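The values are calculated or read from the model by the stated rules, or taken from the named source; none is laboratory data. Because the structure is a prediction, the values reported are computed rather than measured. Please note: Cβ atoms are built from the backbone with ideal geometry, for glycine as well, and neighbour counts cover all protein chains shown. Surface accessibility is based on the protein's heavy atoms, side chains included, excluding ligands, DNA and RNA. Shrake-Rupley method; radii C 1.70, N 1.55, O 1.52, S 1.80 Å.
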Amino acid sequence: MRGVRSLFGTMNTMDTPHDTTPLEPQAPAHASDDLDAYLAAVARDDCYRVIRPLGATARAAALGHDAADLGTVTELVQFEGANGAALGPFVRKRIDLSLGIGAAYEELYAAQRAGVRFAHVPHVVECYKTGRELVVVSEYVPGETLEAYVHRVGPGVPVARRVMPAVCAAVSELHQAFDPPIVHRDLKPSNVIVTSGVANGGPALEAEDLTATLIDLGIARRFRRDATADTVRFGTRAYAPPEQYGFGQTSVRSDVYALGMIALFCCTGTEPQGQPTAQMLAAADVPAGLAAVILQATSFDPAQRYESAGAFSAALLGCADGGVPAEAARFGAVAGPMETAQSGPATDPVEPAQSLAASGGLHDGTAHQGRSTSGPAAGHGEDPAPASSEAASDEHHAVDDGRPFEPRQLPPEQTVLIALGLAKQAAAFMRRHHTVATGHVWNALLALVAALFVVTATQQVGGPVDGVVYPFWYALFLTYGISLPVVLGVMYLMVDRKSLACFAPRLAARSRLRDARNLVIYLTAAFVVGMIASSLF
């Protein structure tokens, strides 16, 4: 496929794109040359024939939705000349400029034109802006997605150890090619193309030439040392780190978080539901060493994660013998049944408070250390500790003697952790069943409630409030200046953003925190105005 690049400079019978693979770094073109190149690129649009939509565009088309409402249209296209000759296929992305994304494609295109060659990123053939879109045409990389590959060969620890070094190498290349680095921000199995050869007819899992290519850099961005948070928050929830949704700025360690989640997917074959825990990894038969590496990579605190994709890859390779790397040992992975059967009882048991913290959702880096309590924790599949058995026996005797059963009171700290764990599971359930269609239903219900509230509030304007009749102007101010903004503002913050993006992508791209801050500022000002007006009149 990469040999197609050279054809752009040799097929003179076609109106072809300009050569994008210079052997020597090129000097910046003159402004008139840039204008000529842009006009030529726009004119070539008519030469591209759409073969089929890809990704989310294809899914939207299957549901009968207008793909343009997504803000990004991805298509498989073919370049056709006037004489009928064809080149391709290529992948063409049309990104709405109002979304404020796609800058990574421009930087990648400039780097490739300057002579930088990438082994794990598609070659960008064209990249230009129209009045409302950023158009990116890149090579089509043959192969299958990592998601399809794992489902084809079957998930498991050997697959993770086989695939992840190649994926980490691809991410490392993207990080190291730019300074400051470009952060992908949407790493997931469907955005990794795996190319593998079958040597001597053996299974694909044993192929020696497995490589990974990163695709869909639409929301990738440069790391900014002076920034405290991302300006736009996107990504796939199952693989995106917490800082990508308002807890800070994404960095190289954010992609490390996604790599840890991808490694978990390779082990289980299912999309992760929330941050992994030691108990969950043990139940999935993930060995303690690999589990500890995954837990460190997916720590809530970015400072607790591996500093780079290369460091994460080295840790994965270092635990191939079943041991727990020294750096990851403090994350306390629990040995699963597979490892217990092979290597005996776990040598790094998790304390009860530590296991509870892992299952409850306190992933701030210190929760993994836990607070020691008396008695060892039972491993997965082992009998409970003797102390627990005696306690259970006492409870049974109490019931048999006719005395009322009094459940043991949990410490407040553990109660909070359990509540957080239940809330986290509920949130994961909602995310798992969330679709654009359910978002439309939710927003429609919010709109209905808002309309009913407006009608009810309007009907009560001027009436007595707690037996007191206020002046009409004051009643109007209380209703339309205070009450309705509070209720409608809260409902707006509850709006599903995926559904809203279909109708108002620019509004959906706004931060909820920013909107909430504006609401608070308005209500504070309105309250002050109301107090002053009531004192004057």
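At-a-glance table
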read-out: Conditions (1) crowded, with 21+ Cβ neighbours inside 10 Å; (2) free of Cβ contacts under 8 Å to residues at least 24 places away in the same chain; number of the one not met by TYR245; value: (1)
read-out: Spans of helices (runs of 4 or more DSSP H) in the range 274-319 with at least 2 residues open to solvent by 10 Å² or more (accessible area, probe 1.4 Å) and within 22 Å of ALA177 (Cα to Cα); value: 309-318
read-out: From the options ASP226, ASP216, residue that is of a type in the set (Asp, Glu) and at pLDDT 80 or above; value: ASP216
read-out: Scope the range 35-61; condition at pLDDT 80 or above, in a helix (DSSP H, G or I) and hydrophobic (A, V, I, L, M, F, W, C); matching residues; value: CYS47, ALA56, ALA58
read-out: Condition met for ALA160 (under 25 Å from THR270 (Cβ atoms) and modelled with pLDDT of 90 or more); value: yes
read-out: Residue pairs meeting the criteria (Cβ under 9 Å; at least 6 apart or on separate chains; first under 15 Å from ALA526 (Cα atoms) and open to solvent by 20 Å² or more (accessible area, probe 1.4 Å), in the range 476-504; second assigned to a loop (DSSP other than H, G, I, E, B) and among the hydroxyl-bearing types (Ser, Thr, Tyr)); value: LEU478/TYR470
read-out: Among (1) at pLDDT below 75; (2) more than 32 Å from the chain's Cα centre (by Cα) - the single one THR20 does not satisfy; value: (2)
read-out: Restricting the range 47-77 to residues that are open to solvent by 40 Å² or more (accessible area, probe 1.4 Å) and over 30 Å from LEU507 (Cβ atoms), the residue that is farthest from the chain's Cα centre (by Cα); value: ARG49
read-out: Members of the range 96-111 found to be surrounded by fewer than 22 Cβ atoms within 10 Å (Cβ to Cβ) and over 15 Å from ARG185 (Cα atoms), listed by number; value: ASP96, LEU97, SER98, LEU99, GLU106, GLU107, TYR109, ALA110, ALA111
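Yes or no, residue by residue, for (1) touching a Pro at 6+ places or on another chain (Cβ under 6 Å); (2) within 30 Å of PRO471 (Cβ to Cβ); (3) not hydroxyl-bearing (Ser, Thr, Tyr):
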site: PRO505; (1), (2), (3): no, no, yes
site: ASP515; (1), (2), (3): no, no, yes
site: ASN518; (1), (2), (3): no, yes, yes
site: TYR522; (1), (2), (3): no, yes, no
site: ILE532; (1), (2), (3): no, yes, yes
